[in-house]
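Notes follow once the structure below has been shown.
The values are calculated or read from the model by the stated rules, or taken from the named source; none is laboratory data. None of the values given here were measured: they were computed from a predicted structure. Using ideal geometry, Cβ is built from the backbone for each residue, glycine included, and neighbour counts are taken over all protein chains shown.
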Amino acid sequence: MKQLDILGKLFGSATRVKALKFFLLNQDGGFAVSDVATRLRLKDAVVKKELSELAKIGFLKPKVVVLSVVGKRTTKKKKVNGFVANREFALREPLRNLLIESGGMHVPDLAVRFTGTGKISLFVLSGVFLHDADRMIDMMIVGDRLDRKAIDTEVKKIEAEIGKELRYAVFDTEEFMYRLKMYDKLLRDTFDYPHTKIISKIDLPELRS
């Protein structure tokens, strides 16, 4: 049984687990129901029900959120009812330890999921996957004949699963080698700090860690 399925049994539904993760990882801002539903790739009605239940137990607090409504000629601001994480919720840290810190950011078969997106020679995880919010990116993919649209689609699926928008970079091998040679800031911020290679076919001293 998959981890999300197990947690879903414990917490009542997989949707609730996704909602909990979302607000544990996005604690600083308020979100409208429609925004949360879009990010988690779920229906508004389902998300609204779960968020209302989480508000009843004090995990969330009501918050008025300002949305931008784009029209044909103008963009208008609209206030809607939304939710924000309650930082004073008594079980916030235990929940975070269970859902986030204790393997909660693990995404099974991650390398396999990108198999059809091109010839990948290097796949690196950093940032949120290693619980390090200070890093510039969470994921880096290097290869040739990469289908960037397919990569973006798969990334969005993963974002919905973990409840967090990912910062990621995609490089052709030639561009990556040039950046590595020039001591590119983004690359150094990734490789000079803890990271995990789930695909590693580029054998260079700079990458041996």
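Counting the residues of region 146-186 that are within 21 Å of Leu207 (Cβ to Cβ) and of a type outside the set (Asp, Glu) gives 18.
Across region 11-22, the qualifying residues are those that are touching a residue at least 12 places away in the same chain (Cβ under 8 Å) and outside any loop (DSSP other than H, G, I, E, B), and the one among them that is farthest from Arg96 (Cα to Cα) is Thr15. In this structure, Lys156 qualifies as in a helix (DSSP H, G or I) and closer than 23 Å to Thr38 by Cβ.
For every residue, the table says whether it meets (1) under 21 Å from Ala160 (Cα atoms); (2) out of contact with any Phe, Trp or Tyr (no Cβ under 8 Å at 6 or more places or on another chain); (3) assigned to a strand (DSSP E or B).
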residue: Leu24; (1), (2), (3): yes, yes, no
residue: Asp28; (1), (2), (3): yes, yes, no
residue: Arg39; (1), (2), (3): yes, no, no
residue: Val47; (1), (2), (3): yes, yes, no
residue: Gly58; (1), (2), (3): no, no, no
residue: Pro62; (1), (2), (3): no, no, yes
residue: Leu67; (1), (2), (3): yes, yes, yes
residue: Lys77; (1), (2), (3): no, yes, yes
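Among the residues of region 117-164 satisfying the criterion of being among the basic types (Lys, Arg) and in contact with a strand residue (DSSP E or B) (Cβ under 8 Å, 6 or more places away or on another chain), which is nearest to Glu175 (Cα to Cα)? If we take residues in region 117-164 being among the basic types (Lys, Arg) and in contact with a strand residue (DSSP E or B) (Cβ under 8 Å, 6 or more places away or on another chain), then Arg145 is nearest to Glu175 (Cα to Cα).
Checked against the criterion of being assigned to a helix (DSSP H, G or I), β-branched (Val, Ile, Thr), modelled with pLDDT of 90 or more and over 23 Å from Val47 (Cα atoms), the candidates Ile120, Ile151 yield just one match: Ile151.
With respect to the conditions (1) assigned to a loop (DSSP other than H, G, I, E, B); (2) surrounded by 14 or more Cβ atoms within 10 Å (Cβ to Cβ); (3) without any contact (Cβ under 8 Å) to a residue 60 or more places away in the chain, Tyr193 falls short on a single one, namely (3).
Just so you know, in region 161-190 the residues that are more than 19 Å from Arg148 (Cβ to Cβ) and among the aliphatic types (A, V, I, L, M) include one that is surrounded by the most Cβ atoms within 10 Å (Cβ to Cβ), and it is Ile162. Anything in region 49-101 that is charged (D, E, K, R), within 26 Å of Ala133 (Cα to Cα) and either exposed (fewer than 15 other Cβ atoms within 10 Å of the Cβ) or more than 22 Å from the chain's Cα centre (by Cα) (or both)? List them, or say none. Those that are charged (D, E, K, R), within 26 Å of Ala133 (Cα to Cα) and either exposed (fewer than 15 other Cβ atoms within 10 Å of the Cβ) or more than 22 Å from the chain's Cα centre (by Cα) (or both): Lys61, Lys63, Arg87, Glu88, Glu93, Glu101.
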